[in-house]
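Engineer: First the structure, which I've put down as structure tokens, then a few questions once you've had a look.
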Amino acid sequence: MSSGHTAADGAASDLASAYDTGEALTALVRRSNTLVFCGSGGVGKTTTAAVATMHAARMGLSAVVVTIDPARRLAQALGVTELGDLPRLIDPHLWDPDGERAPGGSLAAVMLDAKSTFDNLVQKYSAGPEQAERIIDNRFYSNISSALSGTQEYMAMEKLYELHEEGEYDLVVVDTPPSRNALEFLDAPNRLTRFLEGRAFRVLTAPARGGMRVINRAARLFLRTVSRVLGSEVLEDVVEFFAAFEGMYEGFHERASRVRELLSSEQTAFVLVASPRRDAIEEAEYFAEELAAMSLPVAAAVVNRLHPRFHTSLAEATRLRAEGLARDSDDTGDGATAVARLSDLYANLASFQEVAFREEAQLERLRKLIGDAPLARVPFLGDDVHDFATLRLLEDNLFPQEPT
Amino acid sequence: MLREVMDLPSLLDSRVCIVSGKGGVGKTTVSAALALGCAAAGRRVLLVDVEGKGGLSALFGASPLGYETTTLAPGVDGRVVTPDEALLEFLADHNLTWLSKRLQSMNLIDVVASAAPGIKDILVLGKVKQIERSGAYDLIIVDAPAAGHTLTFLGSAQGLLEAVRVGPVLTQAREVNELLTDPARCKVVLVTLPEETPVNETSETADALVDMGIQIAAVVVNGWYPGGPSVTVEDVTRDAASAGIVVPEVEAESLVEAANFRAMRHELQLHQLGRLEDLLALPFIVLPFLFTAALGREELDVLAAECASQAATLEGAA
């Protein structure tokens, strides 16, 4: 931390670097048309995405946030308690009560409905309403569109692309779902088209195309066994689905590659969100590596819920002081209770200094990972965020502005 | 009739205990602490990792767990049960090894998994059920999948019962459902933090589990801050003067900031714990926030002892 400097020096330089970071993040929001927030669950990803979108709106941009699984009270604040297809505008009085926003600023939000986004996609690429209906009514399709791992991620990207293409928004922000297989969402369009085009497709559609007679014995045995294990109805659904999907692969594939193009564009920025815990930082490291492997740089990182920092002596010294005082307070005397109280305060400070030290070590790992990209530190600010007042407070911490 | 004392094994009195909670709440740590606590009371415990991420074995200072059983501590074994391996074993048990090769070579596992969602979870829980049936352990603690997957994971059996009408998968789903809904064989421990969103989600999860007929053994509230008074710089200066100690001003400010942060966190947590206790009439265990640098065996022992001593203060039905 600030060894070799006075406490005041340390505080002043921290403040200066916080302003630099805030400026860099504001610039990032201004120059991007797409922001993707990545991070493990429980680190404040949804909230951070909402704050960044609100900040953009206050800067005069028309901004929309696609949110996936917000905590109920945050969803209520954003007015998106139900899944939807169309973003809903949020009353400016809520996020800009003092009318300070730059002209043109607007804030909208939508809670992703993966199934209906997928349905729309099917309707768009089907030859006609009849084909679309055959697919949408299929039980296997309804499993894929609601339960296949990666579908939600895929549809988040699809929604992102759709909103971007419509051109109504200057900035589209997406908060990605907590995904065990971290970057599934980026590969999601490819994964799904691969899945639809693969050998599975050929084996399974063979009966529908040419009847059971023409497929080879091995495939027939395979199908029979699968239906013995899972039941024939399940298999029939699958076969029907693949048959119905015929002719749509090209459209899906092309769409997926355009989504991918948008994600790799210069105006798309990826922001890592983490808490200063080891597991969250490890998840962030994983995200950063996967992004790097796809030549997608990390544009910024945000670490939420930091414990306070202290510009005094090291934890070890504080701990020794606490222990010394504890021994003194054992000798009965007039000052005993006062000494005991001070000993407790020193011991408590030492504990938080240790936590701060440990968090700094985690931040250092993140810092190395993201190079020159801005790293924002957001302190623990009390209770969870559930209204615009707290979102504004977070905004002040995420995008601090030097008083002029 | 109420009994005065309870111990950890009688709190976790089912043969399978599924530890669940959102990512970041310390589910793996709690699983390990509960295992150690029950082993200390003489139980043979198996810890099951369903993700194979390695966090569990690292806590014990052991190398990553595999599909084979390893000893992690006296009385505590550990192993991984992942869907892919459970599937191979399931097919082998049904004389279908050739099918598993074909499924893999054609990348069809995803097709099968989507045709019957939940099949992967069923395979994992089916394997747990098989271990339970073998009687090799008094208690099997399952570190359940993270994130919002708890209900999907535990609901997979009931979902499959509706989707699949015949065959060995149906049998498996039925048996898993029997295991999950029999409190003598299986209970859930919910792990959470004393914060607003985790409290809300835990209460919703608990309600959903009750609807599914799955019993909850206890709620473990993790990351509990110690309490302490709020103070001002004047308080510190007065105490320093009366004790005849010099406390520099900057240091006094840090002492005050740290004390007030502790008091603020504690107050928020008290409020949230109170809400959770109002929402759920279940036994609670509250584990301290650990200020120490890294979690290892020593910290696990502290938490295990804490679990045991709190279980002893709970009143249970005899």
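Engineer: Counting only residues that are closer than 30 Å to A:Gln76 by Cβ and open to solvent by 70 Å² or more (accessible area, probe 1.4 Å), give me the helices (runs of 4 or more DSSP H) lying completely in the stretch A:295-404 with at least 3 of them.
Structural biologist: A:388-398
Engineer: Now for a separate question. In this structure, does B:Val250 turn out to be open to solvent by 40 Å² or more (accessible area, probe 1.4 Å), without any contact (Cβ under 8 Å) to a residue 12 or more places away in the chain and either part of a loop (DSSP other than H, G, I, E, B) or more than 7 Å from chain A (Cβ to nearest Cβ) (or both)?
Structural biologist: Taking the combined requirement at face value, the residue does not satisfy it.
Engineer: Which pairs do you get when a residue that is more than 7 Å from chain B (Cβ to nearest Cβ) and within 20 Å of A:Arg278 (Cα to Cα), found in the stretch A:344-356, comes within reach of a residue that is open to solvent by less than 20 Å² (accessible area, probe 1.4 Å) and among the aliphatic types (A, V, I, L, M), reach meaning Cβ atoms under 9 angstrom, with the pair 6+ apart or on two chains?
Structural biologist: Between residues of the stretch A:344-356 that are more than 7 Å from chain B (Cβ to nearest Cβ) and within 20 Å of A:Arg278 (Cα to Cα) and residues that are open to solvent by less than 20 Å² (accessible area, probe 1.4 Å) and among the aliphatic types (A, V, I, L, M), the close pairs are A:Gln353/A:Ala315; A:Gln353/B:Ala258; A:Ala356/A:Leu306; A:Ala356/A:Ala315.
Engineer: Quick one: count up the residues across the stretch B:60-95 that are out of contact with any Phe, Trp or Tyr (no Cβ under 9 Å at 6 or more places or on another chain) and within 18 Å of B:Ser31 (Cα to Cα).
Structural biologist: 12
Engineer: Let me ask something else. Under 9 Å by Cβ, and 6 or more places apart or on different chains, what pairs join a residue from the stretch B:255-276 that is facing chain A (nearest Cβ under 8 Å) and within 15 Å of B:Val199 (Cα to Cα) with one that is part of a helix (DSSP H, G or I) and open to solvent by less than 20 Å² (accessible area, probe 1.4 Å)?
Structural biologist: Pairs that qualify, where the first residue is facing chain A (nearest Cβ under 8 Å) and within 15 Å of B:Val199 (Cα to Cα) and the partner is part of a helix (DSSP H, G or I) and open to solvent by less than 20 Å² (accessible area, probe 1.4 Å), are B:Leu268/B:Glu196.
Engineer: Next question, about the same structure. Test B:Asp301 against the criterion of being farther than 19 Å from A:Leu342 by Cα, modelled with pLDDT of 90 or more and not hydrophobic (A, V, I, L, M, F, W, C), and give yes or no.
Structural biologist: Against the criterion (farther than 19 Å from A:Leu342 by Cα, modelled with pLDDT of 90 or more and not hydrophobic (A, V, I, L, M, F, W, C)), B:Asp301 qualifies.
Engineer: Where in the stretch A:43-105 are there helices (runs of 4 or more DSSP H), lying wholly inside it, with at least 1 residues that are within 14 Å of another protein chain (Cβ to nearest Cβ) and in contact (Cβ under 8 Å) with a residue 40 or more places away in the chain?
Structural biologist: Result: A:45-58, A:72-78.
The values are calculated or read from the model by the stated rules, or taken from the named source; none is laboratory data. As the structure is a prediction and not an experimental result, all values here were calculated from the model. Ideal geometry is used to build each Cβ from the backbone, glycine not excepted, and the neighbour counts take in all protein chains shown. Only protein heavy atoms, including side chains, enter the accessible area calculation; ligands, DNA and RNA are left aside. Shrake-Rupley method; radii C 1.70, N 1.55, O 1.52, S 1.80 Å.
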